[in-house]
Amino acid sequence: MQIQAKDIQVVLNANRILKGVSMEAGDRELVGVIGPNGSGKSTLLKCIYRILKPIGGAVWLDGKQLQDHTTKESARKLAVVAQHNYYNFDFSVQDVVLMGRAPHKRTLDRDNAEDFRIVAEALETVGMAAFANRSFSTLSGGEQQRVILARALAQQTPCLILDEPTNHLDVKFQLQLMDLVRGLDRTVLTAVHDLNIAAMYCDRLYALKDGEIVGQGTPRELLMPSFIQQVYEVDADVLTLPGGAPHIVFHPNVGKESAT
């Protein structure tokens, strides 16, 4: 599945958050959106998965405008792993993942054996099968994130939207989650906080700063010391790992002021 966003503009509380952002993700491509905090990464993703409506521009899914899809139609194409997931009721882990089956059901349809099979498979995939009957609210942030990924997998969409999915995970599970996502053979669009995660896993990157695209390309093309300084205002060296991926080593600021 292909995603295109063209000239997306967003104003919130009289502030221009996105100033005409255009990007695309090709079929079965893993595309990362990078940039400092407040650059507009999450806002862009929310426009794509219909939480926010831009004041200008449009989103296309496989050549059809997002606004021309019903909510259920778009939910059959896009599954979302958001940064924050709150529920007003005390759902079990299995119940949370079963929510991913809703776009495939008609009103008042009951969960069936196939739904439960898909949910069990999704929980097994993310390593949370043993937690199926646990209360979602009792889980750690990292465990909750893995359950939300399982819900997205149970939705069985050709595209995943991930909003900084590794934020609450330790290193082991960061790598496990990204290995899993990389192997899904789906179109994936993800906001990424960690540049080394972006460098290891993304096919292409778009860099946002102050609501505008300031660079795009493969990790090897984009993640140069001068570009990192321009976007993040920090000094870094960029090494090359044995597999060819860049690896960023940041310089500490400690002692710089006293040395000048």
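The values are calculated or read from the model by the stated rules, or taken from the named source; none is laboratory data. Keep in mind it's a predicted model, so treat the numbers as computed, not measured. Methodologically, a virtual Cβ is constructed for each residue, glycine included, from the backbone with ideal geometry; neighbour enumeration extends over all protein chains shown. When the accessible area is computed, the model is the full protein with side chains, heavy atoms only, and any ligands, DNA or RNA have been set aside. Shrake-Rupley method; radii C 1.70, N 1.55, O 1.52, S 1.80 Å.
³J(HN,Hα) across segment 107-118 via Karplus (A = 6.51, B = -1.76, C = 1.60, θ = phi - 60°), whole Hz, x for Gly/Pro?
Result, rounded to whole Hz: 4, 6, 4, 8, 5, 10, 4, 5, 4, 5, 5, 5.
Across all directions of projection, what mean area in square nanometres is found for the Cα convex hull of segment 1-66?
4.3 nm²
Keeping all protein chains in place, calculate the accessible area per residue for the chain (probe 1.4 angstrom), answer in Å².
51 Å²
What three numbers, in Å, describe the spread of the alpha carbons of segment 27-118 along their principal axes, ordered from the longest?
Its Cα atoms span 41, 30, 27 Å along the three principal axes.
If you count only protein heavy atoms and use a 1.4 Å probe, how large is the accessible surface of His251, to the nearest 10 Å²?
So the heavy atoms of His251 present about 70 Å² to solvent.
If you average 1/r over all unlike Cα pairs in segment 72-134 and invert the result, what Kirkwood radius do you get in angstrom?
12.9 Å
Report, in whole Å, the centroid distance computed from the Cα atoms of segment 131-203 and segment 44-90.
Between the Cα centre of segment 131-203 and that of segment 44-90, the gap is 18 Å.
Pop a pseudo-label 7 angstrom from the Cα along the beta-carbon direction at both Asp68 and Asn37 and give the gap in nm to one decimal.
Label-label distance for Asp68 and Asn37, simple model: 4.1 nm.
Around Val33, which amide H atoms from residues at least 5 apart in sequence, or from another chain, sit under 5 Å from its own amide H, with H modelled in the peptide plane?
Those lying under 5 Å, H to H, from Val33 are Thr190, Ala191, Val192, Tyr206.
How long are the semi-axes of the equivalent ellipsoid of the chain, taking √(5λ) for every eigenvalue λ of the Cα gyration tensor, in whole Å from largest down?
Equivalent ellipsoid of the chain: 32, 23, 17 Å, largest first.
Over the Cα atoms, compute the radius of gyration (one decimal) and Dmax (the largest Cα-Cα distance, rounded to a whole number) for segment 113-260, in Å.
Both quantities, over Cα of segment 113-260: 18.4, 69 Å.
Got a sec to turn the phi values of segment 47-54 into Karplus ³J(HN,Hα) couplings, 6.51 cos²θ - 1.76 cosθ + 1.60 with θ = phi - 60°, whole Hz, x for Gly and Pro?
Whole-Hz 3J(HN,Hα) from phi for segment 47-54: 5, 6, 9, 6, 7, 10, 10, x.
Show log10 I(q)/I(0) for segment 183-260 at q = 0.22 Å⁻¹, two decimals, from a solvent-free Debye sum over equal Cα scatterers.
-1.07
Mind ranking Ser42, Ser74 by accessible surface for me, highest first, 1.4 Å probe?
Ser42, Ser74
Take the solvent-accessible surface of the protein heavy atoms, probe 1.4 Å, and return the percent of it on segment 123-260 that carbon and sulfur atoms account for.
After summing per-atom areas, the C and S share lands at 51 percent.
So what are the ³J(HN,Hα) numbers for segment 203-218, from phi and the Karplus equation (6.51, -1.76, 1.60; θ = phi - 60°), rounded to whole Hz, Gly and Pro as x?
6, 9, 10, 10, 9, 10, 8, 6, x, 9, 6, 10, x, 8, x, 6
Could you work out how far apart the two model spin labels at His251 and Lys19 are, taking each label as a point 7 Å from the Cα in the direction of the beta carbon, and quote it in nm?
Rounded to a tenth, the inter-label distance reads 2.8 nm.
Can you list residues whose amide H is under 5 Å from Gly20's amide H, if they're 5+ apart or on another chain and H is modeled 1.01 Å from N?
For Gly20, the qualifying residues are Ile8, Gln9, Val10.
Please go through the residue pairs Lys53/Lys105; Lys77/Lys172; Lys77/Lys105; Lys19/Lys72; Lys6/Lys46 and name each one whose alpha carbons sit more than 19 Å apart in this structure.
Lys53/Lys105; Lys77/Lys172; Lys19/Lys72
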